[in-house]
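**Q** Would you mind keeping the following structure in view while I ask a few things?
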Amino acid sequence: MSCSHNKKMDLKKKKKKLYWAHIWMHGTPSICQLRLILYILHVCSVISRFTPEILRKGIHGDTMTENGCEYRERVLTMDTMNPNVKRVEYAVRGPIVQRAVQIERELKMGIKKPFTEVIRANIGDCHAMGQKPITFFRQVLALCSYPDLLEDGKFPEDAKSRARRILQACGGGSLGAYSTSQGIEMIRQDIARYIERRDGGITCDPDNIYLSTGASDAIVTMLKLLVSGEGMSRTGVMISIPQYPLYSATLAELGAVQISYYLDEDNCWSLDISELRRALQEAKKHCSPRALCIINPGNPTGQVQSRQCIEGVIRFAAAEKLFLMADEVYQDNVYADGCKFHSFKKVLFEMGLEYSEKVELASFHSTSKCYMGECGFRGGYMEVVNLDPEVKVQLTKLVSVRLCPPVPGQALLDVVVNPPQPDEPSYDTFIKERTDTLATLAEKANMTQEILNQVPGIKCNPVQGAMYTFPRIHLPPKAILEAKEKEQTPDMFYCMKLLEETGICLVPGSGFGQRDGTYHFRMTILPPKEKLKIVLAKIKEFHQHFMAQYS
Amino acid sequence: MRNNSFKEHIICNVITLNRSAFPAAQGEHLHQKMSENGALPLRGKVLTVDTMNANVKKVDYAVRGPIVQRAVQIEKELKEGVKKPFEEVIKANIGDAHAMGQRPITFFRQVMALCTYPQLLDDNKFPEDAKNRARRILQSCGGNSIGAYTTSQGIDCVRHDVANYIQRRDGGIPSDPDNIYLTTGASDGIVTILKLLTAGEGRTRTGVMISIPQYPLYSASIAELGAVQINYYLNEEKCWSLDISELQRSLQAAREHCDPRVLCIINPGNPTGQVQSRQCIEDVIRFAVKENLFLMADEVYQDNVYAEGCEFHSFKKVLFEMGPEYSSKVELASFHSTSKCYMGECGFRGGYMEVINMDPEVKAQLTKLVSVRLCPPAPGQALMDLVVNSPQPGEPSYQTFIKERTDVLSALAEKAKLTEEILNTVPGISCNPVQGAMYSFPRITLPERAINEAKAKGQAPDMFYCMKLLEETGICLVPGSGFGQREGTYHFRMTILPPTDKLKIMLNKLKEFHQKFTQQYS
């Protein structure tokens, strides 16, 4: 599994061999002798860890030629690769999705299955599920890509003027030029104004905006800055369970310590400050907790945090000296009555100077979700608040190494934060398209919850926001046993079976984290209504069948 | 599961404790001192330069460093009406072709517009071949939209086209689409491979051999990953060529303190502009085999070869022509991009890498790793597809495409020559021929007094020179110290990208400045 694990195995084998050799030569050892042997073995293993690689390679090479194998081992193998990368897991594109791709190929080759197509409800990929792009956005981008079209009478004036403005801010008037590493200045100004409007006038400084390659890029960058120390002083990062696995994957890659706090499933996946406190106290015993990550609206859990809750989190962060990271990519995806999106920035500033001058916050947004769903463009930004000016210089330096975020994604983000206004020709179409998409999503959120809750053994919290449902599934002990025999988590076993029998691709809850002994899956609510109904009916049928089979 | 990772965490700690018996990196010393003093600030910010990631602090990236920041400032000052001895800042610091006025290839942009706004497919203004390409790309996108995520390795049909392109380029040597990974510019691919390769602690820490002068992406990534940088020097006297005995020397020296596992080559060279001979590439491959090194070949300038008698040879091709003894053995990753060559589409962040002889289990890890970032930008992937699948003879856009491409490349060749010629007329500047790529990296002789004044200011002498040049002429170059150079030598990197007329003016200004500078300080 991991490098250290392998090393341990090797060591065990070595110990065994030497131990039996010893007995063969000297008879049964006494306890003291045993201790001595163990000590010698330990010293040997420590020494071997620091033996110059040339020596070790030499030894390796000899044994290899002895066996008549190639004398040259690969440079990069599972044993020699970055051990942190090995620990990375990303379920949203994990084994189940790989199997789904395989099944699609099999279907194409004419292999008979009990279904005719694979439905990928594993990832929040709107356009792939048939959602149409916003016309205005694509017009502006086409104009930017091929400015000859600016002479074309077919394009509305507002699209043309947006495109001209973006091109003027690009080097040589081309999307093909590098932008500044922090992102095109004019776009950062537009974003700042957007945030100000969203937050009821609270000021936003364009210098605090960093454009990014999707929100993921910025989240990884902030975590990278935060990770330091060794052993007890190693940075710990608090993330919700269930979580979006970008967080756990990045923490593994960076070698930071993951601190899990559990969301309250019985309270509609809400966040409980006492649970934050419990997780923090425990973590302080073995690492240095420095950051708290929040996803609101929640992924995969779909909850929308109340203003009260956000205030509590901010107070907690201030008291415990935690850097706040607010993942707000679903900020337009709020469906439930009585729920409203509150940005962390806004709440922070409304809590007064005591907090707004103190709490360090990075919040993230993206072009991939909301009503636009433009995942492929990898557009995104983050706003940093109260970041130490010297650290900000380091941040700017760090992002400059990758030169710049993709410029088409930056341009797209600009039209998202600066969409058609009431007096402009594209306004009506734009509003209609946006409203349609969001209203359909709200309807599908409701439908998903209703249908799933009809199934005995499936229990689903309301999908207040975002794009997913994360229902709890009850699995019979026989199924759990069979899964364990197959060395699969029970919900992976369930989802794999669902995929093979119905063609529906979901992600097992174990990929996001869940309380021990509970099982879930994540399903997007994105398929078109008619298809979603079929998906839900198939899941219902499958679940009943599965329960019958294993009880 | 969590239990497991906790165990691993403990094991890691044990390893790090052991490591502290060995000379630690500077940052760690600092950290130890801090906890000794109990100086981790109780109040103040969570994230400060003292508490942040120590490796990030060590990162340096001169191409966008202090001199470029000053250039941006000067631009603002000019806009505000501040009087300067020049009217505009000329940014010759970065290989940004479009920013320097190069026009995009019409066909590429037509297809991009069609992919972005497919209603245009009904517009008869667009040629049929552009429409066909767009339809083909859209059909391989989820929901026929470039707004959908792609598979993490990159769109299937694009990877197939890339493999076919490589096969054509390399005279029929097969390329497997499964070995192609699309990336966010070549930088992304390079960092990913370096990340996979970095392991070990202390003396077993991965060492990465890079040329000096180098493109600072390498030193920056090595610093960020906490790997060990191993410098091998290119031979300036021999037109920046690579010398195997120098590779041997630097490897031997490095083995005293780390585990050298990777050899990075940039060909054509950045910032040095040399094009490696076939012979040299063969020798490098033999060296990599002998010394058990993973090869990384940065070949983003593969179409940018200007000098007579020079030709681009891909590492892949040479490797396979050396026979199975090598081609079945050497692990190679080679990198390409949409940002350079004749297209210069930097903003789209398109790129790919091809991996050869990679351990299948490691490949699975690589695929997993790239999946965390979901996918490279789809517009960049589409653009990459056009680069490797350009208009063919008989298609309506062929003539225009060939004309545009030839014009760009021949203008570059002309500018490469012009740069070398004019710079070599200046006493105190000596410039190797720009055989390829987009830069000249001339050596400058600086008077003793200038060096002393720079040192008094705490600046590298060539930084001092470039800063003065910027303030007096508006020309923005990157000092050689940002790329690495032999001690006591000084250089700058200048792109050859400005339009010919502007380039001439710039070179003359440079000449004048250098003469004045030399006079002033001697």
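Residue-by-condition table, conditions (1) at pLDDT 95 or above; (2) touching a Lys or Arg at 6+ places or on another chain (Cβ under 8 Å); (3) under 25 Å from residue B:499 (Cα atoms); (4) open to solvent by 10 Å² or more (accessible area, probe 1.4 Å):
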| site | (1), (2), (3), (4) |
| --- | --- |
| A:166 | yes, no, yes, no |
| A:176 | yes, no, yes, no |
| A:188 | yes, no, no, yes |
| A:192 | yes, no, no, no |
| A:198 | yes, yes, no, yes |
| A:202 | yes, yes, no, yes |
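**Q** Report yes if some residue within the range B:320-332 is among the acidic types (Asp, Glu) and not in a loop (DSSP other than H, G, I, E, B); otherwise report no.
**A** yes
**Q** Give the residue that is farthest from residue B:391 (Cα to Cα), with candidates limited to residues of the range B:134-172 that are within 14 Å of chain A (Cβ to nearest Cβ), open to solvent by 30 Å² or more (accessible area, probe 1.4 Å) and among the hydroxyl-bearing types (Ser, Thr, Tyr).
**A** For the range B:134-172, the residue satisfying everything is B:151.
**Q** Is there a residue being of a type in the set (A, V, I, L, M), in contact with a His (Cβ under 9 Å, 6 or more places away or on another chain) and surrounded by 20 or more Cβ atoms within 10 Å (Cβ to Cβ) anywhere in the range B:346-354? Steps first, answer last, please.
**A** Filtering the range B:346-354 for residues of a type in the set (A, V, I, L, M) gives B:353.
Among the residues that remain, those that are also in contact with a His (Cβ under 9 Å, 6 or more places away or on another chain) are: B:353.
So of that shortlist, the ones also surrounded by 20 or more Cβ atoms within 10 Å (Cβ to Cβ) come out as B:353.
For the range B:346-354, residues of a type in the set (A, V, I, L, M), in contact with a His (Cβ under 9 Å, 6 or more places away or on another chain) and surrounded by 20 or more Cβ atoms within 10 Å (Cβ to Cβ): present.
**Q** Might you check whether a residue that is surrounded by fewer than 22 Cβ atoms within 10 Å (Cβ to Cβ), more than 10 Å from chain A (Cβ to nearest Cβ) and more than 24 Å from residue B:289 (Cβ to Cβ) occurs anywhere in the range B:229-236?
**A** Checking the range B:229-236: at least one residue is surrounded by fewer than 22 Cβ atoms within 10 Å (Cβ to Cβ), more than 10 Å from chain A (Cβ to nearest Cβ) and more than 24 Å from residue B:289 (Cβ to Cβ).
**Q** Suppose we keep only residues that are touching a strand residue (DSSP E or B) at 6+ places or on another chain (Cβ under 7 Å) and in a helix (DSSP H, G or I) within the range B:109-161. Which one would you say is farthest from residue A:148 (Cα to Cα)?
**A** Filtering the range B:109-161 for residues that are touching a strand residue (DSSP E or B) at 6+ places or on another chain (Cβ under 7 Å) and in a helix (DSSP H, G or I), the one farthest from residue A:148 (Cα to Cα) comes out as B:159.
**Q** Here is a further query. Check residue A:438 against each of (1) within 23 Å of the chain's Cα centre (by Cα); (2) surrounded by fewer than 17 Cβ atoms within 10 Å (Cβ to Cβ); (3) at positive phi and name the one condition it does not meet.
**A** (3)
**Q** Oh, and also: Quick one: is residue A:455 in contact (Cβ under 8 Å) with a residue 24 or more places away in the chain and touching a Gly at 6+ places or on another chain (Cβ under 6 Å)?
**A** no
**Q** Here is a follow-up. Restricting attention to the range B:212-222, and to residues there that are among the small types (Gly, Ala, Ser) and open to solvent by less than 10 Å² (accessible area, probe 1.4 Å), which single residue is farthest from the other protein chains (Cβ to nearest Cβ)?
**A** So in the range B:212-222, the residues among the small types (Gly, Ala, Ser) come out as B:219-221.
Next, only the ones that are open to solvent by less than 10 Å² (accessible area, probe 1.4 Å) stay: B:220-221.
Working: B:220: 5, B:221: 7 Å.
Checked the range B:212-222; the qualifying residue farthest from the other protein chains (Cβ to nearest Cβ) is B:221.
**Q** So how many residues does the range B:55-114 have that are of a type in the set (Val, Ile, Thr), under 30 Å from residue A:143 (Cβ atoms) and facing chain A (nearest Cβ under 10 Å)?
**A** Final tally of qualifying residues: 6.
**Q** Can you pull out the residues in the range B:416-445 that are of a type in the set (A, V, I, L, M, F, W, C) and closer than 20 Å to residue B:508 by Cβ? Don't jump to the end; show me each part of the working.
**A** If we filter the range B:416-445 for residues that are of a type in the set (A, V, I, L, M, F, W, C), which is where we start, we get B:416, B:418, B:422-423, B:426, B:429, B:431, B:434, B:437-438, B:441, B:444.
Matches in the range B:416-445: B:416, B:418, B:422, B:423, B:426, B:429, B:431, B:434, B:441, B:444.
**Q** Additional query: Scanning the range A:71-92 for residues that are open to solvent by 40 Å² or more (accessible area, probe 1.4 Å) and within 8 Å of chain B (Cβ to nearest Cβ), which turns out farthest from the chain's Cα centre (by Cα)?
**A** Ranking the candidates gives A:73 first.
**Q** Identify the single condition in (1) touching a helix residue (DSSP H, G or I) at 6+ places or on another chain (Cβ under 7 Å); (2) part of a loop (DSSP other than H, G, I, E, B) that residue B:83 does not satisfy, given that it satisfies every other one.
**A** Every listed condition holds for residue B:83 apart from (1).
**Q** Does residue B:362 count as part of a helix (DSSP H, G or I), within 8 Å of chain A (Cβ to nearest Cβ), open to solvent by less than 10 Å² (accessible area, probe 1.4 Å) and of a type in the set (Val, Ile, Thr)?
**A** Yes.
**Q** Here's another thing I want to ask about it. One residue is enough: does the range B:381-393 have a residue meeting the conditions under 23 Å from residue A:98 (Cβ atoms) and facing another protein chain (nearest Cβ under 9 Å)?
**A** Yes; the residues of the range B:381-393 include at least one that is under 23 Å from residue A:98 (Cβ atoms) and facing another protein chain (nearest Cβ under 9 Å).
**Q** Let me ask something additional. Pairs only if they're at least six apart or on different chains, beta carbon under 6 angstrom, first in the range A:248-276 and in contact (Cβ under 8 Å) with a residue 24 or more places away in the chain and outside any helix (DSSP H, G or I), second of a type in the set (Asp, Glu) and surrounded by fewer than 24 Cβ atoms within 10 Å (Cβ to Cβ); list them, first residue then second.
**A** From the range A:248-276, the pairs are A:262/A:275; A:270/A:264.
**Q** Can you tell me which residues in the range B:262-316 are out of contact with any strand residue (DSSP E or B) (no Cβ under 7 Å at 6 or more places or on another chain), within 14 Å of another protein chain (Cβ to nearest Cβ) and under 28 Å from residue B:62 (Cα atoms)?
**A** none
**Q** Now, a different point. Quick one: in the range A:130-167, of everything that is touching a residue at least 24 places away in the same chain (Cβ under 8 Å) and in a loop (DSSP other than H, G, I, E, B), which residue is nearest to residue A:377 (Cα to Cα)?
**A** Checked the range A:130-167; the qualifying residue nearest to residue A:377 (Cα to Cα) is A:133.
**Q** How about the range A:335-360: which of its residues are open to solvent by 40 Å² or more (accessible area, probe 1.4 Å), in contact with a helix residue (DSSP H, G or I) (Cβ under 9 Å, 6 or more places away or on another chain) and either in a helix (DSSP H, G or I) or not basic (Lys, Arg) (or both)? Quick ask: steps written out before the conclusion?
**A** Of all residues in the range A:335-360, those open to solvent by 40 Å² or more (accessible area, probe 1.4 Å) come to A:337-338, A:340, A:346, A:349-350, A:353-354, A:357-358.
After this cut, where a residue has to be in contact with a helix residue (DSSP H, G or I) (Cβ under 9 Å, 6 or more places away or on another chain) as well, the list is A:340, A:346, A:349-350, A:354, A:358.
Across the range A:335-360, the qualifying residues are A:346, A:349, A:350, A:354.
**Q** Output the qualifying pairs, or none if there are none: Cβ atoms under 9 angstrom, residues six or more apart or on different chains, first residue in the range B:119-133 and farther than 19 Å from residue B:146 by Cα and within 12 Å of chain A (Cβ to nearest Cβ), second residue open to solvent by 80 Å² or more (accessible area, probe 1.4 Å) and assigned to a loop (DSSP other than H, G, I, E, B).
**A** These pairs meet every condition: B:123/A:154.
**Q** On the given criteria, is residue A:256 open to solvent by 10 Å² or more (accessible area, probe 1.4 Å) and more than 7 Å from chain B (Cβ to nearest Cβ)?
**A** Taking the combined requirement at face value, the residue satisfies it.
**Q** Regarding residue A:444, is this residue open to solvent by 10 Å² or more (accessible area, probe 1.4 Å) and either within 14 Å of chain B (Cβ to nearest Cβ) or without any contact (Cβ under 8 Å) to a residue 12 or more places away in the chain (or both)?
**A** no
**Q** Taking the range B:321-345, which residues are at the interface with another protein chain (Cβ under 9 Å from one of its Cβ atoms), open to solvent by 20 Å² or more (accessible area, probe 1.4 Å) and more than 19 Å from residue B:262 (Cβ to Cβ)?
**A** B:328
**Q** Just checking, does the range A:292-301 include any residue being within 12 Å of another protein chain (Cβ to nearest Cβ), closer than 21 Å to residue A:512 by Cβ and not charged (D, E, K, R)?
**A** Yes, some residue in the range A:292-301 is within 12 Å of another protein chain (Cβ to nearest Cβ), closer than 21 Å to residue A:512 by Cβ and not charged (D, E, K, R).
**Q** What number of residues within the range A:518-537 satisfy the criterion of being more than 18 Å from residue A:466 (Cα to Cα) and either of a type in the set (A, V, I, L, M, F, W, C) or open to solvent by 60 Å² or more (accessible area, probe 1.4 Å) (or both)?
**A** Keep residues of the range A:518-537 that are more than 18 Å from residue A:466 (Cα to Cα), which gives A:518-519, A:530-531, A:533-537.
Add one more test, that the residue is either of a type in the set (A, V, I, L, M, F, W, C) or open to solvent by 60 Å² or more (accessible area, probe 1.4 Å) (or both), and what stays is A:530-531, A:533-537.
Qualifying residue count for the region: 7.
**Q** Has the range B:377-395 got at least one residue that is out of contact with any helix residue (DSSP H, G or I) (no Cβ under 8 Å at 6 or more places or on another chain), within 25 Å of residue A:377 (Cβ to Cβ) and of a type in the set (A, V, I, L, M, F, W, C)? Before you say what the answer is, go through the steps one by one.
**A** Step one: list which residues in the range B:377-395 are out of contact with any helix residue (DSSP H, G or I) (no Cβ under 8 Å at 6 or more places or on another chain), which gives B:378, B:393-394.
Filter once more, so that each one left must be within 25 Å of residue A:377 (Cβ to Cβ): B:378.
Among the residues that remain, those that are also of a type in the set (A, V, I, L, M, F, W, C) are: B:378.
Yes.
The values are calculated or read from the model by the stated rules, or taken from the named source; none is laboratory data. Values in this document were obtained by computation on a predicted structure and should not be read as measured data. Please note: Cβ atoms are built from the backbone with ideal geometry, for glycine as well, and neighbour counts cover all protein chains shown. These area figures cover heavy atoms from the full protein model, side chains too; ligands, DNA and RNA do not enter into them. Shrake-Rupley method; radii C 1.70, N 1.55, O 1.52, S 1.80 Å.
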